[in-house]
Amino acid sequence: MNKSEDELESIEVTHHRIMGEDLIELKKNPAFQRLIMKGYLEQKVLASVSLLGVPQEKDRRGGVLEDLVSASNLQYFFTMVEGFYAGCTNPILSDEEEAAINAEESEHGVN
C-alpha cells in the first residue's frame with residue numbers, strides 16, 4: 001500500500017470509529033431511545049404493519065410500505081455503523097498478522 005492509500009484507510013477507519021462511538025452515545029440517550037428506537041423503529045413500524053391488513057386502508061398501502069422501507073433503511077444504517085465500528089475496534093487479522101503475533105508471544109513466553 002502506498003502512502004496515499006494508507007492515509008485514506010486511516011481517514012476511513014477514523015470515520016467509522018467516530019460514527020460507531022457516536023451511535024453508542026446516541027443509544028445511551030433516553031430521548032433517542034424514546035423517539036427513534038421505541039417510537040419510530042418499534043411503535044411506528046408496528047402501526048404501519050397493522051395498517052397493511054386493514055381493507056379500508058388498501059389505497060394507502062404504497063405509503064405504508066414506504067414507511068416500512070424507511071424504518072428498515074435506518075435500522076440497516078445503524079447495523080452497518082455498528083459493523084464498521086466493530087471492524088475498526090476488533091479487526092479480523094490476516095493469517096500473516098496472526099502468525100506474527102503468535103511468534104512474538106511465543107518469543108516472550110506469552111500464551
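Working from Cα pairs under 8 Å separated by at least six residues, relative contact order for the chain is 35 percent. Run the helix sum for the chain: -39,500 (n - 2.57) per DSSP H stretch of 4+ residues, divided by residue count, reported at 222 nm to the nearest 500 deg cm²/dmol. Calculated from helices alone, the mean residue ellipticity at 222 nm is -23500 deg cm²/dmol. Could you compute the FRET efficiency for residue 10 and residue 76, with r as their C-beta to C-beta distance and R0 at 30 Å, rounded to 0.05? Efficiency, rounded to the nearest 0.05: 0.70. Taking 0.36 nm per residue of separation and subtracting the Cα-Cα distance, full extension of the segment from residue 24 to residue 3 would add 4.4 nm.
Between residue 106 and residue 46, the contour length at 0.36 nm per residue exceeds the alpha carbon distance by 16.1 nm. Among the listed options [x] 1.06; [y] 1.10; [z] 1.23, the one matching Rg/Rh (Cα atoms, Kirkwood Rh) as calculated from these coordinates is [z]. Taken over the stretch 3-108, lysine pairs spaced eight or more positions apart, or on distinct chains, with alpha carbons under 19 Å apart number 4.
Projecting the Cα atoms of 32, 91, 11 onto the charge dipole of the chain (Cβ charges, centred on the Cα centre) puts 32 farthest toward the positive pole. Note on the chain: with charges restricted to the Cβ of Lys and Arg (+1) and Asp and Glu (-1), its dipole about the Cα centre is near 1360 debye.
Since every read-out is calculated from the coordinates, none of them should be taken as a lab result. Every value quoted in this text rests on a predicted model; they were computed, and no experiment measured them. As a convention, Cβ positions derive from the backbone with ideal geometry for all residues, glycine included, and neighbour counts pool all protein chains shown.
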